[in-house]
Every structure is written in structure tokens, then in C-alpha cells.
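What follows is a short report on a single structure.
The values are calculated or read from the model by the stated rules, or taken from the named source; none is laboratory data. Treat the numbers as computed from the prediction; the structure is a model and nothing was measured. All Cβ positions, even for glycine, are placed from backbone atoms using ideal geometry, and neighbour counts span all protein chains on display. Heads up: the accessible areas ignore ligands, DNA and RNA and are worked out on the full protein's heavy atoms, side chains in. Shrake-Rupley method; radii C 1.70, N 1.55, O 1.52, S 1.80 Å.
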Amino acid sequence: MPDRHQTKSKYTTDRRIPGAFEGETVTRRRFMTASAHTYGGVATMMFVLPSLAFALGPIFEEQDQPWQDVGAADEFDEKSYIPKTITIASGVGEAGKSTVYMRRFDPKIDKEPKDEYNDFIAVSTRCMHLGCPVRYVPAAERFICPCHGGVYNFRGEVDGGPPVRPLDRFYTRVRGGRVEVGPRFSVNREIKRFSPRDPGQALDGIGQYLYPARPSIRKLPNT
Amino acid sequence: MPKLKLPAPPLPDRLNPRPKRPGSTKTKPLAEAGISAIDWVDERTSLSQGARWMMFRKIPKGTNWFYTLGSATLFAFLSQTVTGVFLAMYYRPDAAGGAYESVRYITNEVFLGEFVRGMHKWGSSVMVILIFLHMARTFFFGAYKYPRELNWVIGVALLVLTMAMSFTGYLLPFDQRSYWATIVGVNINGTGPFVGPYLSDFLRAGPEFGATTLARFYAIHMLLIPGILAALIGAHLYLVAKLGTTAPPWIKADDPVQKEEKA
Ligand code: HEM
Ligand code: FES
């Protein structure tokens, strides 16, 4: 019996394949098989890759966060919050609206550095546990979440419950006596500004590296 | 003369049709027509071979009611498929209010709408309960062992996909409960380190719950996952038929020596 594992010459002429010519190493059968598989692969990728990119596109596309007028500057004081409605997603009517709580910067309690974007403090109602809408309760001077018992103090820092960081905020500015609310940012325990993160993503310690900032929403440098 | 011949059901003698007497060759024309139509297809496809392979399998001694849990899950899936297809005839995935309105319309105005929606809504819970019971059956009977490990693995994929169906379907009524439950669910996905933030952006189609989030969930719920589920259920059943089912663990294999002594 011939040894079936005997190494054959790589030249088709040596192997006496009909129609072989000098120097040829790839048989026609192998060539046809490989090209059929290649065409099949290319044709499949032609619809798979664009579809995948189409579905994944929004991850890489930065979404606009326009400045929105929320009222006259003298409407707000340091003592308490006033709820205002802004649009955080366009084209979906009521479902795209969100509440922000507004007050004036108070040097007695607000220890974060003062700049042109925090004459007014705009606190997001998005709970930093898993995103339910918190409500400011004036009698308790606290933000309270209806879902799993998250409680935040007057500055939006965690007082109790499962939330992992203080409530998000928005940039504010004053234009012609009117207060405008701009892009969202997240804060860590020291109320230091970070690129916006989703709820449940801690920002203290290694948190900011475990949960990288996303290209889909405006990044602050180095955060 | 029809060629198709199925094994006779095990009926008591008096219920079995009497054997034909010589000379009375007449068969009912209607039955004849049906059988020859089936024959026509079978001659060109050999489908009856497959049907026989699937249906007339040997099953082990001790097979009991717990073995019906897989088929029960299958019927829950079929019921979800059929009711879901018909719900899609009235449902509108419009986050600006149309989705909620269309579900309200199905529930309050469409003839039997509340019933079909109820079937789908309650059926989803039934399917999840049944899939867990079926999984428990295969676990406690040791049916995941060699050579059925792959069927267990396919089963795990079916379980995860069924959960994904529940998650994506929950958003569709677009009322307060489904909206906030989905926000919470997406944010739970976001707490996975490194990939979490991108995963939740993928689910929402952006950093905020927006205009295309509902459309995305709807497409995943009614096209993507059901297709994969159906294909995997096919593979699951193929393996069940190919490998046969396991006997319950308390059934001992017949000892040929002992058997001979008894005889
Ligand atoms: C869509 C969901 C599912 C459907 C429609 C389904 C259907 C079935 C059916 C009809 C059988 C035949 C035997 C029986 O009913 O017990 C079966 C067997 C089996 N299933 Fe599933 N199943 C599903 C999910 C699962 C899950 C989640 C697991 C486990 C993780 C699983 C593991 C198995 C195994 C190991 C067998 C073989 C049992 C044996 O050989 O005795 N299946 N499945
Ligand atoms: S979402 Fe606020 S406590 Fe869980």
C-alpha cells in the first residue's frame, strides 16, 4: 500500500496533474475553492459590515447639547431650588424632557472653585444609582429617589442609599439677564467636574478609569 | 395505491379498523385524495422520513410528565410568536406618544385586542417560568451530561435570549413603568466595567434615551432575537431527536445476567 502521508512535490507538473504547466503550484481545484470562498466572504461582508456600522454608529457620534433659556436671573436664590424643564432628547416630545433644579451659587456652602459657568447651580434629577427621577423635598432639604431609597443632601451629595456619586449638574451661564442651561457634566465626591457618565458608574478612586468617558457626549479634557 | 404507511396507534382491538375482505378494495375518495397529495410531496422531498425520525423515537423507561416541560416551553414560544405577529399589525414604535396610543388602542378598541395583548403579556411570564422548570428538569435528571452537553449550552443561549426578549418587550407599551424600568435596565448594563458605557450607548442609540431607542428595541424584540431563537430551538430539537432523551436517574439499566436468572 502506498504511503498516503508521503510528501508530494509542490509542483503540479511533478504530480502529473492533467493540464499542469511548468512552475505551477496551486491546483485549479484549490484555486476555484479559494476564490469561491473569497467571493462569498466579500459578498457577505458587503452587507454585514455596513449594517453593523449602521447599528453601532450612534456610539461614536457626539450629540448636541444646546444652551436653553430657563428664566430670568432674579427668579432664583440661594435658599431653595426651583424646578425647570429642559429638553435632553429632541424629536420625542414629552419623553425627551427632563427636570433640572436651579439655585444661585452660595459661597457659604459651595466649596467648588467659582467660574463663569456656576453663578447658578443646575442639578440634574437623574438618580446616580440607576437613573430614576429624584425629587427635591424642601421640608427635608434633600433630594429623594422613588426607586431604591437614594437620598442626596442640599448640594446633591449622597446622604444615603445605593447611589455611587453626587447628582450630575449642567453648565449655566447668564445672557442678557436670562439664565441658560448648557451641557451636562458629572461630579465626584469633591464636586470636581468630569465628562458625563451614566448612573451607577462611580467616579472616585479607580471609577473614572473603569468607566471611560464616551465619544457620544461632550468630553471634558482629561476626565 | 398510497405508499405512505405510518405505524398503527396502539388501540384496543375492537377500535382498530377491520381488515379488508377480499374483493372490497374501495377506499374513501376523500382520504385517497389527501393521501395522494401527501404522497406527491413525499415522493419529491422524502419529508416523511424526517417526520418519522422526529416522531417515532425510542424513549427510555420511566419517562414522565416532567419530560413535557421542554415542549411546553416550545408552545409558549409559538404562542408568543403568533400573538406577537398580530400585535405588530396595530403597534406603532413611536416614542413621541404614538406607541402608548397604539397600545391603548389595541387594549380598548380592537376586537379581542385586550385578549391577544393579554396572551402575549402573560405568556411572556409563562415562558420564562417554563424555561426555568425545563432547565431544572434537565439539571436534576442529569440530562446535561455526556453526550448532551452541547444541548445544555444551546439551552443557556436560549435562556439568555428569552431574558433579552423580556427586557426589550417591556419597553414597548411606553408607559411610565416601561420607560423607567428600561432606563434602570440600560443603566445596569452600563455598570459593567470598560464595556458598560458603550453597551448602554448602543442600547439607547446615543447618550440619552431618544427618538431611535424605541425603534431599536422594537427591531431587536420582533426581528433579531426571534429569528435567532427559532434557529437555536431547531438545533436544540435536532439534538434531542438525534441523541434521544435520558432515563430518569432512578431507573437502573437492565442487568442481562440478573434477567437471565429470573427467566
Ligand atoms: C426556548 C427554550 C427551550 C425550548 C423550546 C426547549 C425545548 C426542549 C425540548 C422539546 C426538549 C425535549 C425533552 C424535554 O422536553 O425534556 C428539550 C431537551 C433538553 N433541553 Fe431544552 N428547551 C429550551 C431551553 C432549554 C434550556 C434553558 C436548557 C438548559 C440550560 C435546556 C436544556 C435541555 C437539555 C440538556 C435537553 C436534553 C434532555 C434529555 O436528553 O433528557 N433547554 N428541550
Ligand atoms: S435609581 Fe435612585 S435609588 Fe435606585
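In region B:164-183, which residues are within 23 Å of A:Glu61 (Cα to Cα) and facing another protein chain (nearest Cβ under 7 Å)?
Applying the first criterion (within 23 Å of A:Glu61 (Cα to Cα)) to region B:164-183 yields B:182-183.
Passing the criteria: only B:Ile183.
Being among the aromatic types (Phe, Trp, Tyr) and crowded, with 20+ Cβ neighbours inside 10 Å is the filter here, so list the residues in region B:172-194 that pass it.
As a first pass, look at region B:172-194 and keep what is among the aromatic types (Phe, Trp, Tyr): B:174, B:179-180, B:194.
Result: B:Phe174, single match.
Which one of these is closer than 19 Å to B:Ser124 by Cα and of a type outside the set (A, V, I, L, M): B:Ser79, B:Ser36, B:Ser48? Even if it seems obvious, please write down each step before you answer.
Details: B:Ser36 fails: closer than 19 Å to B:Ser124 by Cα; B:Ser48 fails: closer than 19 Å to B:Ser124 by Cα.
Only one candidate qualifies: B:Ser79.
Name every residue in region A:166-222 that is assigned to a strand (DSSP E or B) and within 14 Å of chain B (Cβ to nearest Cβ), in order of residue number.
The answer is A:Phe170, A:Pro183, A:Arg184, A:Phe185, A:Ser186, A:Phe194.
Residues of region A:58-85 being exposed (fewer than 15 other Cβ atoms within 10 Å of the Cβ), in a loop (DSSP other than H, G, I, E, B) and hydroxyl-bearing (Ser, Thr, Tyr), which ones?
Of everything in region A:58-85, just one residue is exposed (fewer than 15 other Cβ atoms within 10 Å of the Cβ), in a loop (DSSP other than H, G, I, E, B) and hydroxyl-bearing (Ser, Thr, Tyr), namely A:Ser80.
Okay, residues lined up against (1) near ligand 1 (Cβ under 8 Å from one of its atoms); (2) more than 29 Å from B:Ile188 (Cβ to Cβ):
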{"site": "B:Glu109", "(1), (2)": "no, yes"}
{"site": "B:Gly113", "(1), (2)": "no, yes"}
{"site": "B:Ser125", "(1), (2)": "no, no"}
{"site": "B:Ile131", "(1), (2)": "yes, no"}
{"site": "B:Lys145", "(1), (2)": "no, yes"}
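If B:Tyr144 passes every condition in (1) more than 16 Å from ligand 2 (Cβ to nearest atom); (2) under 21 Å from B:Leu224 (Cβ atoms) but one, which one does it miss?
All conditions pass for B:Tyr144, except number (2).
Restricting to region B:184-199, name every residue that is at the interface with chain A (Cβ under 7 Å from one of its Cβ atoms) and among the β-branched types (Val, Ile, Thr). It would help to see each step written out before you state the result.
Filtering region B:184-199 for residues at the interface with chain A (Cβ under 7 Å from one of its Cβ atoms) gives B:184, B:187-188, B:190-191, B:193-194, B:196-198.
Those that are at the interface with chain A (Cβ under 7 Å from one of its Cβ atoms) and among the β-branched types (Val, Ile, Thr): B:Val184, B:Ile188, B:Thr191.
Here is a check on your reading of the model: is A:Ala55 touching a Phe, Trp or Tyr at 6+ places or on another chain (Cβ under 9 Å), surrounded by fewer than 16 Cβ atoms within 10 Å (Cβ to Cβ) and without any contact (Cβ under 8 Å) to a residue 12 or more places away in the chain? Steps first, please.
Details: touching a Phe, Trp or Tyr at 6+ places or on another chain (Cβ under 9 Å): yes; surrounded by fewer than 16 Cβ atoms within 10 Å (Cβ to Cβ): yes; without any contact (Cβ under 8 Å) to a residue 12 or more places away in the chain: yes.
So A:Ala55 fits the description; yes.
When you look at B:Ile228, is it touching a Leu at 6+ places or on another chain (Cβ under 8 Å), farther than 30 Å from A:Cys127 by Cα and away from ligand 2 (no atom under 16 Å from the Cβ), yes or no? First the steps, then the outcome.
Working: touching a Leu at 6+ places or on another chain (Cβ under 8 Å): yes; farther than 30 Å from A:Cys127 by Cα: yes; away from ligand 2 (no atom under 16 Å from the Cβ): yes.
Yes: the conditions hold for B:Ile228.
Which one of these does B:Gly169 not meet: (1) surrounded by fewer than 18 Cβ atoms within 10 Å (Cβ to Cβ); (2) in contact (Cβ under 8 Å) with a residue 40 or more places away in the chain; (3) under 21 Å from A:Ala95 (Cα atoms)?
The number of the failed condition is (1).
Quick one: B:Leu203 ticks every box in (1) out of contact with any Leu (no Cβ under 9 Å at 6 or more places or on another chain); (2) open to solvent by less than 40 Å² (accessible area, probe 1.4 Å); (3) within 9 Å of another protein chain (Cβ to nearest Cβ); (4) not charged (D, E, K, R) except a single one, so which number is it?
B:Leu203 satisfies every listed condition except (3).
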